[in-house]
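K.L.:
If you scroll down you'll find the structure; I have some questions about it.
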Amino acid sequence: MFEPLRETVALLSTYGDEMPEEIHLQLQELPEQWDSTKKLCLRVKQSAAPLQANEVNIIRKKCQ
């Protein structure tokens, strides 16, 4: 996902349009932060699964 951005920045630099150092730092840090966010999402999903199953049971009982 971040590789096309890196390629774009590299292409721009070949044409003499340098990006600020902040952009280069973000391109280094963001992939790791994105992976961390995806892992957090999975943990939250797993912790919410029992609550969701409980609500499903409550709704089924109400429908019957």
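FYI, it's all coordinate maths here, none of it is from the lab. This one's a predicted model, so the numbers in the text were calculated from it and none came from an experiment.
K.L.:
Give, in nm to one decimal, the length gained when the segment between E3 and C41 is fully stretched (0.36 nm per residue of separation minus the Cα-Cα distance). Mind showing how you got there, number by number?
P.N.:
Values: separation 38, 0.36 × 38 = 13.68 nm, distance 2.26 nm.
Separation in residues times 0.36 nm, less the Cα-Cα distance, equals 11.4 nm.
K.L.:
Would you compute, for the Cα atoms of the range 1-60, the largest minus smallest coordinate along each principal axis and list the three values in descending order, in whole Å?
P.N.:
Sorted from largest, the Cα extents of the range 1-60 read 63, 17, 13 Å.
K.L.:
Turning to a different aspect of this structure: Can you work out ³J(HN,Hα) from phi for every residue in the range 38-45, in order, using Karplus 6.51 cos²θ - 1.76 cosθ + 1.60 and θ = phi - 60°, giving whole Hz and x for Gly and Pro?
P.N.:
Residue by residue, the range 38-45 yields 5, 5, 5, 4, 5, 5, 5, 4 Hz.
K.L.:
Then there's this: What list of ³J(HN,Hα) values in whole Hz, one per residue of the range 2-16 in order, does the Karplus curve 6.51 cos²θ - 1.76 cosθ + 1.60 (θ = phi - 60°) give from phi, with Gly and Pro shown as x?
P.N.:
8, 4, x, 5, 4, 5, 5, 4, 5, 5, 4, 5, 5, 8, x
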